[in-house]
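Worksheet: one structure, shown below.
Just so it is clear, none of the values below were taken in a lab; they were calculated from the coordinates. Quick caveat: nothing in here was measured; it's all calculated off a predicted structure. So basically every Cβ, Gly included, is an ideal-geometry build from the backbone, and we count neighbours across all protein chains shown.
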Amino acid sequence: MTPSLIHLAEAQKSAPVTDWAARIGWVVGLLVFIAFVYWLMRQGWKWRGTLQGDLPELPSAPADAGEARLTAGPSPATTPSGGGKPPLTMSGRYHGSTTAGQWLDRIVARGLGTRSRVELTLTDQGLDVVRPGAASFFVPAAALRGARLDKGIAGKVLTEGGLLIVTWRHGDREIDSGFRSDRAADHAAWVEALNALSTTHTTTTTEHTETEGAR
């Protein structure tokens, strides 16, 4: 057998040696790094919650909240076969809350940082936010500051108009809360209704204040 054939046979018999110790070391190091990053995120979340500790308890829906308001006009996505104006109720997701006008300044206190499924109902008394598995709350009509369509809120970015942003006041803060309906086509009707309720209540409050001042 020629030397070249001998070397070829030896090469075929030689199997690459796996350095298992090195591989295990890399895996362990990666897991430790991931755990450390997760720990930092948890600490940051707790720290932010501590800074927001002055946020009052979230109000609950009153017993006399009333029936759901009706949309200004029929909506193809929600109008029953009999026609008419559908009620302002929504099933979808709650994507979080931030300081109003600052879409990256997330609010985590009082459970507002927890994403969840959500059921919304708009009545003459305000906005009822029911969250299975998370803290539900109620936004009184007097606290509503308006609504708009947007594409993002802290940690969540969607297509243009993919989020319904409700602005409301709680304690000393103005808050933007982001919702997405299972039927995104309904968002426009909600913006119109929320802005109408907010404007109506603001006007009524202003007139009442002026009347009281004139006495």
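Quick look at the values:
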quantity	calculated
Distant-in-sequence amide H partners of residue 161 (H built 1.01 Å from N, under 5 Å)	150, 151
Extension gain (nm, one decimal) between residue 174 and residue 196, 0.36 nm per residue minus Cα-Cα	6.1 nm
Amide H within-cut-off set for residue 127, under 5 Å, with H built and near neighbours excluded	139, 141
Summed residue charge, Cβ within 11 Å of residue 182's Cβ, Lys/Arg positive, Asp/Glu negative	+2
Separation in nanometres of the label points that stand 7 Å from Cα toward Cβ, at residue 151 and residue 54	3.5
Under 5 Å, built H, 5+ apart or other chain: amide partners of residue 69	88, 122, 123, 124
Fully extended contour minus Cα-Cα distance, from residue 142 to residue 27, at 0.36 nm per residue	35.9 nm
Summed side-chain charge close to residue 66 - residues other than residue 66 whose Cβ falls under 12 Å, Lys, Arg +1, Asp, Glu -1	-3
For region 102-107, Karplus couplings with θ = phi - 60° (6.51, -1.76, 1.60), whole Hz, Gly/Pro x	10, 5, 9, 8, 5, 9
Sites residue 115 and residue 20 - FRET efficiency at Förster radius 41 Å, r taken between beta-carbons, to 0.05	0.50
